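Asker: One structure follows; several queries about it will come next.
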């Protein structure tokens, strides 16, 4: 998957070229960022008359699934440049937070890996026989420490790349990350709803697509409960309070957008607010959990050192007697 920064820049370029009158196929060709082979392939499909939905259905893995839906919908309604700018802003915010999280994790994870390589060596020091090197034992003990961390990272990366809803369920079970998951779901839903409405999608369809993109079971249940309201052609603003998944500030923003006739703008702003909350929650978690890991490693190192030197002191006492 392309980085958020790359996608943000690419979407911004596409929007500017489309506003200047460039055809979409040509814009895909000239706007750099993602792999050129993929861009040229999609451009050739569009130039050959393939529908935008079919092009997005066969898009490469670096193009997020939610973005494909937005692009297809906006292309059909003639609102693609504005939608691309919205996507650019969103990826820019998410990318900035991810960079902070990654930089914050580098130091504690580096210390953990160094400790995982050194601790087995320390434990090979015997107060009676001295140091006895055992390569297979060192590899086994280091792997037992490092392996789970790498396995957890690989699983997380897989769930993120496949856009698996299981990730949200796992996060809801972890303190601190629970708040991130809830805020991120509301951010995704609000942003999707605002983008769909801005693209001219009917309200019922906009809610349906947004609930699917949010990957939140509570939001999906709320949408299904309000389906009769949409079928009757009514607005769900008065029913939002009945669903706990929508906080009071979301209900207030939605009502203000409905009354002012600018629901799309209000939902996009709401999405930005919840994205900020999600970013803060993730940043906080990326500080707390590595710090706890660092503290555990430090405590284990201190315990091992005292254990080794305690053995030496006991030996000296025995010799003195």
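Asker: Would you mind telling me which residue in 236, 120, 81 has the biggest mean-square fluctuation in a Gaussian network model of the chain, where springs connect alpha carbons within a distance under 10 angstrom?
Answerer: Largest GNM mean-square fluctuation: 120.
Asker: Over what distance in Å are the Cα centres of segment 236-260 and segment 34-68 separated?
Answerer: 36
Asker: Just one of (1) 75, 67, 39; (2) 62, 46, 31; (3) 93, 49, 25 is Cα extents along the principal axes in Å calculated from these coordinates, so which is it?
Answerer: Working out Cα extents along the principal axes in Å from the coordinates points to (3).
Asker: Where the eigenvalues come from the Cα gyration tensor of segment 74-208, what are the semi-axes √(5λ) of the equivalent ellipsoid, largest first, in whole Å?
Answerer: 49, 15, 12
Asker: I'd like the orientation of helix 36-47 relative to the chain: the angle between its Cα long axis and the longest Cα principal axis, in ° from 0 to 90, rounded to 10.
Answerer: 20
Asker: Moving on to the next point. Normalised by the number of residues in the chain, what is the relative contact order in percent for Cα pairs under 8 Å and 6+ residues apart? Can you show the working numbers first?
Answerer: Values: 323 pairs, mean separation 65.2, N = 321.
Result for the chain is 20 percent.
Asker: Something else: Could you work out the helix-only [θ] at 222 nm for the chain, with each DSSP H run of four or more residues adding -39,500 (n - 2.57) and the total divided by the number of residues, to the nearest 500 deg cm²/dmol? The partial results should precede the final answer.
Answerer: Values: 14 runs with 249 residues, N = 321.
It lands at -26000 deg cm²/dmol.
Asker: Using only the alpha carbons, work out the radius of gyration and Dmax of segment 220-276 in angstrom.
Answerer: Spelled out, the Cα radius of gyration and Dmax of segment 220-276 are 11.5, 35 Å.
Asker: May I ask you to list the residues of segment 2-18 whose amide nitrogen lies under 11 Å from a point 7 Å from Cα along the Cα→beta-carbon direction of residue 99?
Answerer: 4-6
Asker: Treating the angle as unsigned and between 0 and 90°, give the value, to the nearest 10°, between the Cα long axis of helix 80-122 and the longest Cα principal axis of the chain.
Answerer: The two axes meet at around 10 degrees.
Asker: Which of 123, 212, 23 moves most in a GNM of the chain, Cα contacts under 10 Å?
Answerer: Top of the fluctuation ranking is 123.
Asker: Now for a different question. Go ahead and set up a Gaussian network model of the chain, Cα springs under 10 Å, then flag whichever of 95, 261, 200 fluctuates most.
Answerer: Of the options given, 261 has the highest mean-square fluctuation.
Asker: Please determine, in degrees from 0 to 90 and to the nearest 10, the orientation of helix 135-161 with respect to the longest principal axis defined by the Cα atoms of the chain, where the helix direction is its Cα long axis.
Answerer: Long axis of 135-161 versus the principal axis of the chain: about 10 degrees.
Asker: Dividing the alpha-carbon radius of gyration of segment 4-63 by 2.2 N^0.38 Å (N being the number of residues), what value is obtained?
Answerer: Normalised Cα radius of gyration, segment 4-63: 1.04.
Just so you know, all these numbers are worked out from the coordinates, no wet-lab data involved. Because the structure is a prediction, the values reported are computed rather than measured. Note that we place each Cβ from the backbone using ideal geometry, even for glycine, and neighbour counts take in every protein chain shown.
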